[in-house]
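Below you'll find the structure, written out as structure tokens, and then a few comments.
No value in this document is a laboratory result; all are computed from the given coordinates. Not measured: the values here are computed from a predicted model. A quick note on method: Cβ atoms are made from the backbone with ideal geometry, for glycine too, and the neighbour counts reach across all protein chains shown.
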Amino acid sequence: MGKTLSEKIIGSHLADGKLQDAAQIGLQIDHTLTQDSTGTLAYLEFQAMGVPKVRTNLSLSFVDHNMLQNDFRNADDHRYLQGVAAKYGIVFSRPGNGICHQVYLERFARPGYTLLGSDSHTPTAGGMGMIAIGAGGLDVAAAMAGEPFYLEMPEIVNVKLTGALSSFVSAKDVILEVLRKLTVKGCVNKILEYTGPGVKTLTVPERGTITNMGTETGATTSVFPSDEVTQTFLTGQDRADQWVPLEPDTDTSYSETIDLDLSKVEPLIALPHSPDNVKTVSEVEGTTVDQVCIGSCTNSSLRDLKMVAALLKGKKISDHVSLTISPGSRQVLENLAASGELVDLIHAGARVIENGCGPCIGIGQAPTSGGITLRTFNRNFKGRSGTKDAQIYLVSPETAVASALTGTITDPRKLKEYPKICLPEKFLINDNMFVFPAPQPSNVEIVMGPNIKPLPTFPPLQAKLSGEVLLKTGDNISTDDILPGGSQVMSLRSNIPEISKHTFRPIDADFAERALQKGGGFIVGGENYGQGSSREHAALAPKYLGVKAVLVKNFARIHLANLINFGIVPLTFADKQDYAHIAQGDTLELDTANLQKNLTVKNLTTGISVQVECELSDLDRAMVLTGGKLAAIKKKHASAS
């Protein structure tokens, strides 16, 4: 039996384990990627490991999330990040150079390589034929220290593409169709591998859009083959020598196959407040729109913004619509400027804002109270835009433009004339916003501003855990719910005592204070707990507040790993009906001396005992018992010394 593309790349990087479904494997990582909202903590963790230099082929540090400099805190963090990069052998991408995933795809992604990034949308690079996985910052720090990245070997699902997209239908509509079929929890511990004749009709940026938003299905990653389309893109980036052909064997088999005829996909839209709440645009046409935001790591490529410019050329946006455009990289912006297409955007009334994430994570461009905002982004969780009662819809660039012009949600096919756009054979390339490591790292002084606080340390796990249920939540709790984004909170990313005060603020503003008063305790949740962003602060802040265990129906992959990394015991109900037998305020007790798979939680308030499962590998169990991954790695390096 032949191998899938995923198996080929994983197999060539296998450091531990076997390619068997659900087996734990250790993956050797070629490249790492961080961004500023998660990177500051990741580098504090890396420094704590005592490793003199990164041990990857390439590590990159991007500043793209919170570039607002309202006071010293962000500026201090950015200075710290640049100093760490210079000293430890990391390439630093300066603020304004662009969004990490877009810039990485343009300048660094290589077919057949592995990438681990402290951002959940790291799978964007799968559009280049890579195994690219999002993880918590501590996992990325460990990879920089030369440690394998451990995960459960995913099932591999084949998405077989046939046909070609119709006019005014684009890659965003493809991934919305996949989300409509699979939902936000349908691909946990799975890889989406795209095959079929329809693949060759999609450019690398379009493939990147699909792999980027595949994260919202819960997938570990998504991957396309490396073919002549990939070669063309790399040639345009002056990186033709890095191309290699990669594809699955013809006689391979998959755990599941999803057939998708691209010619039958039509313009789609995700309604509030979930990326899988998908309908056709025609079903919701006519709804008044207040704001349209084009950009994010999903739809800010040169392909996307050339299409936007062509559709806006010679036209004017509706008087009551605010239209913003965030180019994904400085390269995208320079190419638009050189071709004259930037003028078309400005002339139509668009506000061109900085090359970065910004509005996607609630930093700038918050909509009006109760406003309707159409965004080409990947998430529309309630409150993520910065306005709690705003209605966020996710759309393609084509639908975004049509709606900005008419002032209502509009099927882009009504624009009738579909422009033909061409990507340049050679992109304008300017790498002067990268700062490469110092030739003499010993001379580099790392400056830590007053907001950058030492990492908290935690003792080994107690043999018995007891405490109150501090919070009981429903299904699909996101890391935005656990620890929100936005400029106020993100400026505290390097200060755990301060950022912890915002834990669960969108759900329960009194949570942090109550957790400290009670001496910590338990959290109980429903399905898909911890979906969304990879931010490990959503595990570290609750740990700092004394959260001992989290008991849910099931976890999202990255958040589960983050809980383990910081020594919080992850539990799932053996019988999901038992969720009803625990209430907020109940006192629970749990024997954790050996952390066996099958455990009993005693509800001391009601007298009812609940059977739970603690699915941990031997490695994970040892980490939790030791007090977390950082403590385990420091112990390992100390023993080696």
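The table for this structure:
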{"item": "Overall form of segment 522-574 per C-alpha gyration tensor (a/c, 1.5; a/b vs b/c)", "result": "oblate"}
{"item": "Within the chain, percent of DSSP bridges classed antiparallel, to nearest 5", "result": "35 percent"}
{"item": "q = 0.09, 0.14, 0.16 Å⁻¹, segment 5-264: log10 I(q)/I(0) [Debye, one scatterer per Cα]", "result": "-0.39, -0.93, -1.18"}
{"item": "Gap separating the Cα centres of segment 71-89 and segment 308-341, nearest whole Å", "result": "32 Å"}
{"item": "Cut-off 12 Å (backbone N to label point 7 Å along Cα→Cβ of THR162), residues of segment 185-213", "result": "196-198"}
{"item": "Extreme residue, positive dipole direction of the chain, given options ASN528, VAL610, GLY362 (C-beta unit charges)", "result": "GLY362"}
{"item": "Protection-proxy order for peptides 450-457, 152-159, 531-538, each taking the mean of Cβ atoms within 10 Å per residue, highest first", "result": "531-538, 152-159, 450-457"}
{"item": "Leading residue at positive end of dipole, segment 5-264 (Cβ point charges), from PHE224, THR32, ASN70", "result": "ASN70"}
{"item": "Computed over segment 518-631: relative contact order in percent, which uses C-alpha pairs under 8 Å that are six or more apart", "result": "24 percent"}
{"item": "Largest-first principal axis extents of the Cα set of the chain (Å)", "result": "69, 58, 55"}
{"item": "From phi via Karplus (6.51, -1.76, 1.60), per-residue ³J(HN,Hα) for segment 534-545 in Hz, x at Gly/Pro", "result": "7, 3, 6, 4, 6, 9, 5, 5, x, 4, 4, 7"}
{"item": "The chain, helix-only ellipticity at 222 nm - DSSP H runs n ≥ 4, -39,500 (n - 2.57), divided by all residues, nearest 500", "result": "-8000 deg cm²/dmol"}
{"item": "Dipole magnitude (debye, nearest 20) for segment 141-287, charges at Cβ of Lys, Arg, Asp, Glu", "result": "340 debye"}
{"item": "Rounded to whole Hz, the Karplus (6.51, -1.76, 1.60) HN-Hα couplings of segment 286-296, x for glycine and proline", "result": "x, 5, 5, 10, 9, 8, 10, 10, 10, x, 6"}
{"item": "Relative packing of 560-570, 409-419, 290-300, which averages over residues the other C-beta atoms within 10 Å, highest first", "result": "290-300, 560-570, 409-419"}
{"item": "For LEU483, residues with placed amide H under 5 Å, excluding near neighbours", "result": "PHE504"}
{"item": "Relative contact order of the chain, pairs being alpha-carbon contacts under 8 Å that are 6 or more residues apart, as %", "result": "14 percent"}
{"item": "Calculated from backbone phi, Karplus (6.51, -1.76, 1.60) coupling profile of segment 110-120 in Hz, x at Gly/Pro", "result": "9, x, x, 8, 10, 9, 10, x, 7, 7, 5"}
{"item": "Amide hydrogen neighbours beyond the local backbone of GLY26, cut-off 5 Å, H modeled", "result": "ALA15, ASP16, GLY17"}
{"item": "For segment 607-625 versus segment 194-237, the gap between their alpha-carbon centres in whole angstrom", "result": "38 Å"}
{"item": "For VAL292, residues with placed amide H under 5 Å, excluding near neighbours", "result": "SER322, LEU323, THR324, LEU374"}
{"item": "Unit charges on C-beta of K, R, D, E only; dipole of segment 268-410, Debye", "result": "180 debye"}
{"item": "Separation in nanometres of the label points that stand 7 Å from Cα toward Cβ, at GLN47 and SER442", "result": "2.0 nm"}
{"item": "Simple Cβ-charge dipole of segment 5-264, Lys/Arg +1 and Asp/Glu -1, about Cα centre, in debye nearest 20", "result": "440 debye"}
